[in-house]
Each structure stands twice: as structure tokens, then as C-alpha cells.
Amino acid sequence: MGMKRPFVTRERLEAIAAEHPTPFYLYDEAEIRRRAAELNAAFSWNPGFREYFAVKATPNPWIVSVLAECGCGCDCATGPELMLAEAVGVTGRRVMLSSSDTPEEDLRAADELGAIINLDAPDMVDTLLRALGGRVPEVVCCRVNPGGSFVAESGIIGRPEDSKFGMTVPQLLETLARLRDLGVREFGIHAFLASNTQVNDYYPRLARLLFELAAQASRELGVHVGFVDLSGGIGVDYRPEDTPCDLAAIGEGVRRAYEETLVPAGMGDVAVFAELGRWMLAPAGALVTRVIHEKRTYRHYLGVDACAANLMRPAIYDAYHHVTVMGSEDAPRDHRYNVVGRLCENSDQFARDRPMPECHVGDLLFVHDAGAHGHSMGYNYNGALRSAELLLRRDGTVQQIRRAETPADYFATLDDDPRFSSLARRKR
Ligand SMILES: Cc1ncc(COP(=O)(O)O)c(C=O)c1O
């Protein structure tokens with residue numbers, strides 16, 4: 001079985017926790033940069049390659065700034081995510097609006113930023129025309145869903161036919177033709193067919209499918225396909241026994257598909273884009289929480305000061321997040337615990353019957369691989385407040401990049417009735 005090691009020592013984490021009360025998220029800048037460099041190297045054979053970081057995974061401008069320094073653009077799904085990209089100086093074609101069921105105002109905001117707009121459905125052409133006063137942008141991307149099952153070497157890894165996203169292949173071709181006739185000059189083709197894939201052939205197989213479609217569109221419709229967007233979906237090794245994806249092998253697999261499909265079609269200038277969220281950030285972030293209670297009933301419970309409102313993946317997907325008891329990294333996992341939060345929901349359990357080293361009230365726990373779709377999926381059920389986010393800088397210093405919520409934040413959106421307005425000033 002592989003090992004999962006925190007990116008900080010117990011002593012360092014205790015020192016951080018002395019200044020910043022638990023629970024908090026901690027991100028590792030060095031690891032974020034290392035991952036961006038690994039991805040860019042894997043696709044360096046494609047001069048136009050760009051990662052559009054999926055902002056939804058970790059929508060913190062400090063994190064997005066680090067990624068922007070590594071050459072990444074932003075994949076946004078909503079108006080506020082577009083605002084975040086603009087605030088960190090990511091604009092123009094370095095922004096992708098990849099969304100579905102998109103309101104007109106988000107299309108207008110994306111157009112004003114000069115962003116590439118990715119259309120999820122044929123009727124979005126009408127929405128776009130209404131949003132832009134009858135005009136179309138020069139560049140438009142379309143999201144395709146080929147239906148059926150998505151099969152990798154290891155078997156079925158996704159069921160696009162059950163997914164609400166994208167248009168069918170005939171709809172794609174019709175939409176491209178319509179947009180061409182409306183004056184769009186350059187096209188992209190996008191698909192996201194499987195999530196958290198743990199295999200190296202997901203991207204290469206998806207790429208081959210999209211490259212073939214791009215060649216078909218160019219041949220049959222005479223449209224110029226400028227890029228193919230492989231979107232997100234590359235997974236991470238959440239469990240110690242998982243094998244991490246090999247980005248070099250993935251990049252090489254996509255290159256082979258490119259050489260065999262696009263180059264013979266005279267389309268060797270097509271750029272390849274990615275919109276990774278999980279692979280980029282999950283292992284570079286952790287939820288840090290302290291054990292505050294212990295209870296033995298039919299199970300042995302460790303109550304921690306974080307809850308599913310801080311990290312909801314275990315509660316809603318039964319997702320595995322490895323937990324390290326700080327200071328016991330190499331101790332035998334000869335106890336079994338349920339690690340639980342305080343919500344009035346039995347699903348609020350970070351781990352169930354999990355073999356772990358002996359653990360006591362006061363111990364710090366490091367919940368691994370929480371850097372993507374972690375804090376961002378947080379919510380306020382039970383009046384639970386969302387935690388701070390901290391960034392461990394390359395020089396070893398720690399920067400608070402988002403403060404913890406206070407009751408005032410929780411009450412901030414209540415109507416301004418004098419009976420309740422004092423709540424919106426409650427800091428503790
Ligand atoms: C359009 C789009 N792109 C990219 C991503 C990022 O996916 P992942 O975090 O699996 O890489 C998502 C995730 O929901 C998405 O919806």
C-alpha cells in the first residue's frame with residue numbers, strides 16, 4: 001500500500017494552528033506550481049496548449065493568481081467566477097465560460113471580458129444572439145455529448161448518456177453550421193465525459209473522439225476548428241492504494257491521437273486545452289481539524305471541529321479522504337474510528353470504521369486531497385460557518401487568503417429589519 005504524507009510536519013502545523021484556529025484549509029503553493037509545471041510539460045508538444053483552471057474547484061483569487069503565474073487561464077461557470085478571473089487579471093481568450101443553462105447576463109459578462117464562450121445546447125445560440133443584441137463572437141466553443149458509455153481499457157468509466165451536459169453529435173454539427181452562417185470565424189469542441197478518472201487512457205480516448213469530430217466538422221462544414229478542449233476529469237489517488245495518473249503518459253497518448261487524426265487532416269495547428277480542477281489542486285490542499293470529543297457506543301467516534309459544511313464530499317458522494325493523525329504518521333493503524341462532525345445529519349462523517357493510529361482529544365487531523373471541490377462546496381446548514389483558507393508560501397510563511405466566516409456573515413443576507421439587524425454585526 002502506498003503512503004500518504006502531509007506536506008507539513010506536526011510541529012509546523014501546531015504552530016500554524018496556534019495563530020489560526022482550526023478548522024482551516026491549508027494549501028501548498030510549491031505543490032500547486034509543481035503540478036502546473038508537470039501538466040504544461042506533458043503537453044509541451046502542443047504550442048497552443050493551455051490549462052484553464054476550473055475555478056469552481058478552488059475559487060480563491062490568491063490560488064488562481066498562483067496558477068495564472070504558471071500560465072493557466074480560468075474556466076468559469078458563472079458571473080461571479082468571471083469576476084474573480086478579471087480581478088486577478090485573467091481576461092480575453094485566457095477565460096472560458098463553460099456552463100450550462102446559462103443566463104443571458106453571464107454570456108454578456110463573458111463577452112465583455114473577451115472570454116471564449118462554450119455553448120452547452122443548440123438553443124444557446126438564440127440566447128447568445130439575444131444577449132449580444134443579434135451579434136455573435138468571433139470564437140465560439142460547443143460542448144458535445146456522444147451518449148452511450150465511455151469505455152477505457154479498464155472498462156466503463158462514465159455514462160455520458162446519463163449526463164445533462166452537452167449536445168449530441170448531429171446537434172453539434174448543426175450548431176456549428178448555424179454559427180458559421182452567423183459569422184463565427186473560429187470554433188472549439190469540448191467534452192467532459194467522465195469524472196475523477198484513475199486511468200491514463202481517458203484523455204487520449206476522449207481526444208481521439210474529439211479530434212475526429214473536429215476533422216469531420218472541418219471537412220464537411222468547412223469550419224475552422226482552432227482548439228479542442230478536453231475539459232476536466234483526470235482524477236487523483238485519494239486512497240493510499242490508488243495509483244496516481246501519469247501525466248507524461250497522458251500527454252503522450254493525446255499526442256499520438258493528434259498525430260494520427262488531426263495532422264493527416266491538415267489540422268496540425270489545433271490547440272489542445274484542459275480545464276482541470278481536481279488534478280491541479282486536490283492534493284495541494286488539506287482540511288485541518290482538531291479532535292474535540294470522543295465517544296464509544298456501537299462505534300468509536302472521534303468528534304472533530306470541522307463538519308460536512310466544511311468538506312461535503314464524504315457526506316454526499318461517500319468519497320474517501322485519507323486522514324493522517326499528525327505526529328502518528330508512521331504508527332500502526334490498529335484502531336478503528338468514525339471521524340464525525342457536529343451537523344444534525346448522520347452523513348456528517350469524514351471516515352467510517354476507518355483503521356487509524358490511536359488518536360485522542362486534542363490531536364490534529366490532516367484530511368488529505370481536499371484542495372479541490374472542498375471549501376468551495378461548503379454550505380451553512382445548521383448555522384455551520386465556513387472555515388478560513390491559508391496558503392503555505394514557498395518561503396515557508398503562511399498567508400491567510402480567506403478569513404473564517406463569522407455569525408455576521410451567516411446573517412448578512414437577512415432583510416434589514418431592525419429586530420434582526422444586530423445579528424448581522426455578530427462577530428462571534
Ligand atoms: C465544465 C467543467 N470543466 C472542468 C471541470 C473540472 O473538473 P475536474 O475537477 O474533475 O478536473 C468541471 C467540474 O465540474 C466542469 O464542470
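The values are calculated or read from the model by the stated rules, or taken from the named source; none is laboratory data. This is a predicted model, so every value here is computed, not measured. Because the Cβ atoms are built from the backbone with ideal geometry, glycine has one as well, and the counts that use them run over all protein chains shown.
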- Message: Condition check: small (Gly, Ala, Ser) and loosely packed, with under 15 Cβ neighbours inside 10 Å. Does residue 347 satisfy that?
- Response: yes
- Please tell me if residue 51 is within 16 Å of the ligand (Cβ to nearest atom), buried (at least 22 other Cβ atoms within 10 Å of the Cβ) and closer than 27 Å to residue 311 by Cβ. yes
- Item | Among the candidates 321, 300, residue that is of a type outside the set (Gly, Ala, Ser) and within 16 Å of the ligand (Cβ to nearest atom) | 321
- Any residue at all in the range 23-33 that is assigned by TED's automatic domain parsing to the domain that holds residue 108 and part of a loop (DSSP other than H, G, I, E, B)? no
- Residues in the range 292-311 that are surrounded by fewer than 20 Cβ atoms within 10 Å (Cβ to Cβ) and in contact (Cβ under 8 Å) with a residue 24 or more places away in the chain total 8
- Task: Please give the number of the condition residue 214 fails out of (1) surrounded by fewer than 21 Cβ atoms within 10 Å (Cβ to Cβ); (2) closer than 23 Å to residue 40 by Cβ; (3) away from the ligand (no atom under 16 Å from the Cβ).
- Result: (1)
- Message: Which of the numbered conditions does residue 236 fail, given that it passes all the others? Conditions: (1) assigned to a loop (DSSP other than H, G, I, E, B); (2) among the hydrophobic types (A, V, I, L, M, F, W, C); (3) over 21 Å from residue 285 (Cβ atoms); (4) within 16 Å of the ligand (Cβ to nearest atom).
- Response: (3)
- Counting only residues in the range 56-77 that are within 11 Å of the ligand (Cβ to nearest atom) and surrounded by fewer than 24 Cβ atoms within 10 Å (Cβ to Cβ), the one farthest from residue 378 (Cα to Cα) is identified as 77
- Message: Is it the case, given these coordinates, that residue 58 is in contact (Cβ under 8 Å) with a residue 24 or more places away in the chain and more than 20 Å from residue 231 (Cβ to Cβ)?
- Response: no
- If we ask which residues in the range 344-377 are within 16 Å of the ligand (Cβ to nearest atom), small (Gly, Ala, Ser) and assigned to a loop (DSSP other than H, G, I, E, B), their number turns out to be 4
